[in-house]
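Data block below; observations after.
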Amino acid sequence: MEEKKLGDHIIDHLNNEKKESPELDLWLEEAEENRNTLSRYKRIWEESRTLSENKSFNAIKAWTKVDGRLQSKKIIRRRFTAAAYAVSGMAASILIILGLYLFTNIVPQTDQVVKVATAYGSRSEVELPDGTVVSLNAGSSLEYKRSDGIREVIFSGEGFFDVEKAKDPFVIQTADGYELKVLGTRFNLTAYKNDMQITAALVEGKVHISSPEKKELYLKPGQVAEYDKTNKGLKYVKSDVGRMTGWMDDKIFLDGMKVAELAQRLERRFDVVITVNLKNPGDYHFTGVLQEETIGNVMEALHYSSGLNYTIKGKNIILTD
Amino acid sequence: MKVSDATLINGIRLGEYSLFNELFMRYYSRLCAFVYDITNDKSSAEDIVQELFIRIWERRSNIDIQESVSGFLFRAARNAALNHIRGEKSRRLVQLDIPQEEVSIEPDRIEKEEFRVMLEQCMNALPERCQLVFKMHRIEGLKQKEISEKLNISIKTIKNQIWKAMKYLRSCLEVQEDA
């Protein structure tokens, strides 16, 4: 059959299968290849019809949204990086700051102390003059002198320290007088002022810890140490280092967590105020991993998993039975 | 010359924002329609797909695609959609590694979606006139007679254009499928 004629027959057939066409039938009987060809055309014909579904989703409009979100993240990053450059005044010491709301204060040039603090709901990353990089979780602060050779910081909150190797030890003092001396290591330190414990979890290297009472401890990779502010005890605890650093991947590992601690973590992470209004708060234990991006989603998750009820009004959240 | 999916991904890995935009345009609507079939909710389907693209851009340097790019995208979209559905009940609270096959989706569904993506790409490569006629007929669902009146061309010409389109699409798809 002539090629063009075949085309007419096939199109007619696709448009109306019931319409009889002896010529097409004959062509189909000729060879299996012909039948395959027709079935391929049929698939194209039918699938092309389904493409109209796409039209209800507007890619251009959606792109504006996605682009806007990505750009605003970039601008915030740039703005704070620029601010950091401005305050450091020295190209060599780069201060990279990624937090959303971040307060940088510098005590005037005389003693050159730099203080970086993160507000609730934000985080940042700081590179110190010696090359050490500290990721600060929400509600944390880090203070250091900006002169060469000195490796000493004052710290509160939670941070992940990636300490540059050097001959001199790197010293971290917490606001409570707890002291860590390290060489080149990577570890997580949780030392919020209003927490009852200070916790250090080592990922790599070696850490020496001493308490104000001169108790000492060495940490090996994978080990976690805890200092109890009430009974002044310094001891190893069974915990998973990966869980301690989960905050850097936006995860909160609950692990049998109680309401009070969870509320505090959420307050820091999302910059909210949580009021616990439960008859028996001790009855609630939370297990699992929270990975939600908004406080609304977190509350919803907790509601579904534990039956806890909540109301959100702006930054205020009330938990009820 | 149209850039291949693999080239797009390689460029995106290196931070080429314009190629990211191209990938988005190429797949957004298709992925939304696909996710919509799972979630049955239009606005959540769009949210899921937008989130997916934002994640792709933010983690661009770590993208590791072993399969075809479209296979990767549809699989990722399906997983996100399933997580969303399960999330309605338990959110993402329970565990880290959620088995991905709880909700059954016909197994050849992703293959089908990949075919549609290729088909759409081939269709967009058709000569202008031919493309217009074919789209009016298949996508907008106009009858040959209606197209003839609208464009003021004969039914014979329309049939020719449609056949031309079909032949092109068939060979274009064969090339793509082999790639």
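Bear in mind these aren't lab numbers, they're just calculated from the coordinates by the rules spelled out. All values derive from a computational prediction rather than experimental measurement. No Cβ is skipped: glycine too gets one built from the backbone with ideal geometry, and neighbour counts run over all protein chains shown.
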Using the Cα centre of the protein assembly as shown as origin and beta-carbon charges of +1 (Lys, Arg) and -1 (Asp, Glu), tell me which of A:GLY159, B:GLN50, B:GLY87 is placed farthest towards the positive end of the dipole. A:GLY159
Please give every one of the lysines within straight-line cross-link reach of A:LYS4, meaning a C-alpha to C-alpha distance under 17 Å, and leave out same-chain neighbours fewer than 8 residues apart. B:LYS156, B:LYS159, B:LYS164, B:LYS167
For the protein assembly as shown, size of Cβ-based charge dipole, Lys and Arg +1, Asp and Glu -1, in debye: 1340
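Of all beta bridges DSSP finds with both residues in the stretch A:250-320, what is the antiparallel percent, to the nearest 5?
So the antiparallel bridges in the stretch A:250-320 amount to around 65 percent.
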Between 0 and 90°, nearest 10: helix B:109-124 axis offset from chain B longest Cα axis: 40
Expressed as an acute angle from 0 to 90° and rounded to the nearest 10, what is the orientation of the C-alpha long axis of helix B:42-58 relative to the principal long axis of chain B? 70
Across A:LYS235/A:LYS315; A:LYS279/A:LYS313; A:LYS258/A:LYS315; A:LYS206/A:LYS229; A:LYS165/A:LYS238, pairs whose alpha-carbon gap is larger than 26 Å: A:LYS235/A:LYS315; A:LYS165/A:LYS238
Note on the stretch A:250-320: C-alpha Rg/Rh, Kirkwood Rh, two decimals, gives 0.90
If you build a Gaussian network model of chain B, linking Cα atoms that sit under 10 Å apart, which residue out of B:LEU126, B:LEU19, B:LEU142 swings the most? B:LEU142
Report, in debye and to the nearest 20, how large the dipole of the stretch A:3-55 comes out about its Cα centre when Lys and Arg carry +1 and Asp and Glu carry -1 on their Cβ. 340
Which of the lysines could a cross-linker bridge to B:LYS42, judged by Cα under 20 Å and excluding same-chain residues fewer than eight apart? A:LYS55, A:LYS61, A:LYS65, B:LYS89
Could you tell me which helices of chain A pass both thresholds, a Cα extent of 20 Å or more along their own axis and a mean Kyte-Doolittle hydropathy of at least -1.0, with helices taken as whole DSSP H runs? A:59-88
Once the dipole of the stretch A:3-55 is set up with Lys and Arg at +1 and Asp and Glu at -1 on Cβ about the Cα centre, which of A:LEU26, A:SER48, A:ILE11 lies farthest towards its positive end? A:SER48
What number, in percent, do you get for the relative contact order of the stretch B:113-176 if the mean sequence gap of Cα pairs under 8 Å and at least 6 apart is divided by its residue count? 41
Does anyone have the angle between helix B:155-178 and the longest principal axis of chain B? Alpha-carbon axes, 0 to 90°, nearest 10? 40
With no solvent term and unit scatterers on the alpha-carbon positions of the stretch B:125-179, Debye gives log₁₀ I(q)/I(0) at q = 0.22, 0.30 Å⁻¹ of -0.77, -1.19
B:ASN79-A:LYS214 pseudo-label distance in nm [points 7 Å out on the Cα-to-Cβ vector]: 5.5
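Sum up the charges of everything whose Cβ sits under 9 Å from the Cβ of B:ARG26, counting Lys and Arg as +1 and Asp and Glu as -1, but leave B:ARG26 out.
With Lys, Arg at +1 and Asp, Glu at -1, the neighbours total -2.
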What percent do you get for the relative contact order of the stretch A:228-300 when only Cα pairs under 8 Å and 6+ apart count? 35
Report the full-extension gain for the segment A:LYS279 to A:LYS193: residue separation times 0.36 nm, less the Cα-Cα distance, to one decimal in nm. 28.2 nm
Quantify how strongly other chains surround peptide A:38-45 by giving the mean number of their Cβ atoms within 10 Å of each of its Cβ atoms. 4
Note on chain A, DSSP bridge orientation, antiparallel percent to nearest 5 equals 90
Label B:ILE63 and A:ASN309 with points 7 Å out from Cα along Cα→Cβ: what is the distance between them in nm? 4.6
Cα lying deepest toward the dipole's positive end in the stretch A:115-220, options A:TYR192, A:PRO212, A:PRO129, charges on Cβ: A:PRO212
Taking Cα pairs closer than 8 Å and at least 6 residues apart, the relative contact order of chain B in percent is 17
Rh (Kirkwood; distinct C-alpha pairs) - the stretch A:3-55, Å: 11.9
As an exercise, take the mean of 1/r over every pair of distinct alpha carbons in chain B, invert it, and state the Kirkwood radius in angstroms. 18.4
Structure-based [θ]222 nm, the protein assembly as shown - -39500 (n - 2.57) summed over DSSP H runs of at least 4, per residue, nearest 500: -15000 deg cm²/dmol
What is the dipole size for chain B, taken about its Cα centre, with +1 at each Lys and Arg Cβ and -1 at each Asp and Glu Cβ, in debye to the nearest 20? 780
Reference-scaled alpha-carbon Rg (2.2 N^0.38 Å with N residues) for the stretch B:15-87: 1.06
Work the Kirkwood hydrodynamic radius out for the protein assembly as shown: mean of 1/r over every pair of different alpha-carbon atoms, inverted, in Å. 27.4
Which residue, A:GLU32, A:GLU127, A:GLU292, has the most motion in a Gaussian network model of chain A that connects Cα atoms within less than 10 Å? A:GLU32
